[in-house]
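Laboratory data are not the source of any read-out in this text; all were calculated from the coordinates shown. Since the model is a prediction, treat every value here as computed from it, not as a measurement. Neighbour counts run over all protein chains shown; Cβ positions are idealised from the backbone, glycine included.
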């Protein structure tokens, strides 16, 4: 029986149309990939972290005196009102000023009492002097009237004595009548002289009283001026100390919040820390301040940044997968870098296009301290340029440095 030829179950060679179709597909895919690499441009970005800060910066809350922190009444991220106590600090200088303030208050009260007592004494003496001067003036007026009366009596007695003298010489009257008239005239003259002497003494007493009153007034004015000058100096120091110690009690003083806002960072987080005058205790952002994004970029991407470039803001608090990407604009680029984690970075300030994020239909305001990743779109590159990047890198590595004395023209 002849051996039958074996026929394979499947053909090992594909049909000619399948091979031709596959080659066409590969050619079309290569052509499409080549066109896409030349026509499709991918955005090129510079990335960096960012944090939201107030437009005018944060306000550092500082210690107003040397001392030891005895209480920390706030935490990072806490919202505070203006005037709320943030820290309590025990200070020897504050205790000394408080003691000085109490001393000045006692001195001020004592000076006031002393001035009031001196004024009362002077007024009492002045009223007594006025009464005495009034009495003396009244007595002087009486003496003046008596003097005028005695002068008239003396004139009459003198005329009478002269008449008796003439009549005696004529023999009409005797010597006794003349003598009696003359004695009466001499008596009236003596009384007149006594009244004039007494009036002069009264006028002298009035002048002396006036001089003494003037001297007492000058003494009172001097004492009053001295007390007022001392009190004025004490008042200046007293007002200064009261302003300095408005938030103090004994040897402790509180550091109040300068405005309503949020605590961003605590430099002192626990009691017992020793602080110096003017040392920052915490950073605070006042509410109502317009926010901006402070972005840090690596040195490698700095030269490609320009003001006015768009920025994508990806907030950690509002994941972009759910709440979308937020946008901003580059407003300022730092001319100098700062060291951060052993690397040099540059600060970039970004103006925000939105101040709130919609969460379940409700707007949630952005708050200082929020952060995330930021991407600045600096250029667009075609896919094919990425393929030539290794070639350009290799070419740069293989180039020799220029010879000494030769220059290379830099083409714009």
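Below is a table of values for the structure above.
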| quantity | calculated |
| --- | --- |
| Separation between Cα centres of segment 236-283 and segment 318-373, rounded to whole Å | 32 Å |
| Globularity index of segment 94-244, i.e. its alpha-carbon radius of gyration over 2.2 N^0.38 Å | 2.18 |
| Convex hull of Cα atoms in segment 40-151, direction-averaged projection (nm²) | 19.6 nm² |
| Calculated on alpha-carbon atoms, Rg and Dmax of segment 73-127 in Å | 22.4, 72 |
| Calculated FRET value between residue 44 and residue 367, using beta carbons and R₀ = 45 Å, to 0.05 | 0.90 |
| Mean-position separation - Cα centroids, segment 181-230 and segment 142-177, in angstrom | 34 Å |
| Space enclosed by the convex hull of the alpha-carbon atoms of segment 264-333, per residue, Å³ | 192 Å³ |
| Segment 94-244, relative contact order [Cα under 8 Å, separation at least 6], % | 41 percent |
